[in-house]
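Input: a single structure, listed below in structure tokens.
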Amino acid sequence: MGLETMKDPATRIPQEKYPAIHQAVLAACDALDGLKDGLIENPTRCHFDPQVLACKDADGPTCLTPRQVQSVRTILGPGAKSPKTGEVIFPGYQLGTELLWGRLIGGAEPYDTALDQFRYTVFNDPHWDWRTFDVDRDLAKAEQALHGLLTAIDPASVSAFFGHGGRLLTYQGWTDQDISPLASVNFYTGVGKALGDTKTSSSMRLFMVPGMGHCGGGDGPNTFDMMPSLEQWVEKGQAPARIVASHSTSGKVDRTRPLCAYPQEARYNGSGSVDQAENFTCRLP
């Protein structure tokens, strides 16, 4: 079947060697930013229907059975919802993460870090059975137990920090396989709504990283240093508009690309190597 997963790719793998599901996603999404380069600049602007991979005959490595099609739709859906209210509790996976699904959803048991969080932090019971979990009942308990620890998601909470002259420089990979990238996007846009776009842009920057997984890795340029930009911002008032990132294979840099302050995206200027950052400009999509 076409749902084979690969461990965190350390090199730029030829696209023809990707599993079928990732090849199909790239075919649908890669060129939307004006450049077919194996990277999805912003997966939220792409629509992908896994039905295009449905098996016409028997199951095989390049097609999906009906149940597999439905599984992909669930994985790439809007995220976990409350059964009672229909409200999205937390956003789901984004297009482009297909090579990394095995880390959290590839086994018979839930992800061990999540299990330990509920066993030892929420319920204080090492024998807690995840099969008893009830979203509407237990989510409230989790929010109460984790308040101030892992639930710092109120956009207005940064107001005092900004008021003291604080600067918040944040980033996340668009192919993060552990935490949905939309968590960062939603928080950033939420701050804008709560405090106003002018205040937000003068105190906060978000850089989304195409092709990067959880805190690093992946096929996209994923090595960068935020500290010089943060120092320039705090000490000289120069807010960063772009930060150059690089990708290396076997210790040798083979691609550089600018990371752009959200919601801007990197756009190819039309000439020069597509693997060199100077040939790209940050602009709104």
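The values are calculated or read from the model by the stated rules, or taken from the named source; none is laboratory data. Not measured: the values here are computed from a predicted model. Because the Cβ atoms are built from the backbone with ideal geometry, glycine has one as well, and the counts that use them run over all protein chains shown. Ligands, DNA and RNA are excluded from the accessible area calculation, which covers all protein heavy atoms including side chains. Shrake-Rupley method; radii C 1.70, N 1.55, O 1.52, S 1.80 Å.
Normalised per residue, the accessible area of region 65-143 is 62 Å², obtained with a 1.4 Å probe and no contribution from ligands, DNA or RNA.
Note on Thr249 and Leu35: the model spin-label points, each 7 Å out from Cα along the C-beta direction, lie 1.7 nm apart. Counting 0.36 nm for each residue step from Ile105 to Ile153 and taking away their Cα separation leaves a gain of 14.8 nm. Between Asp129 and Met227, the FRET efficiency estimated from the beta carbon spacing at R0 = 51 angstrom works out to 0.70. When each of the peptides 112-118, 199-205 is scored by how many other beta carbons lie within 10 Å of its residues on average, the order from highest to lowest is 199-205, 112-118. Does anything in region 36-52 have its amide N under 20 Å from the 7 Å Cα→Cβ label point of Asn269, and if so which residues? Zone members listed by number: 36-37.
Were the residues from Asp136 through Ile179 laid out at 0.36 nm apart, the gain over their Cα-Cα distance would be 13.4 nm. Roughly how many percent of the accessible protein surface of region 44-84 is carbon and sulfur, given a 1.4 Å probe and a whole-percent answer? About 54 percent, which is the carbon plus sulfur part of the accessible surface. Each label point was placed 7 Å from the Cα along the Cα-to-Cβ direction; for Ala80 and Val234 their separation is 3.4 nm. Computed FRET efficiency, Cβ-Cβ of Phe161 and Ala58, R0 41 Å: what is it to the nearest 0.05? Efficiency at R0 = 41 Å is approximately 0.10. For region 239-283 versus region 218-238, the spacing of their alpha-carbon centroids is 13 Å.
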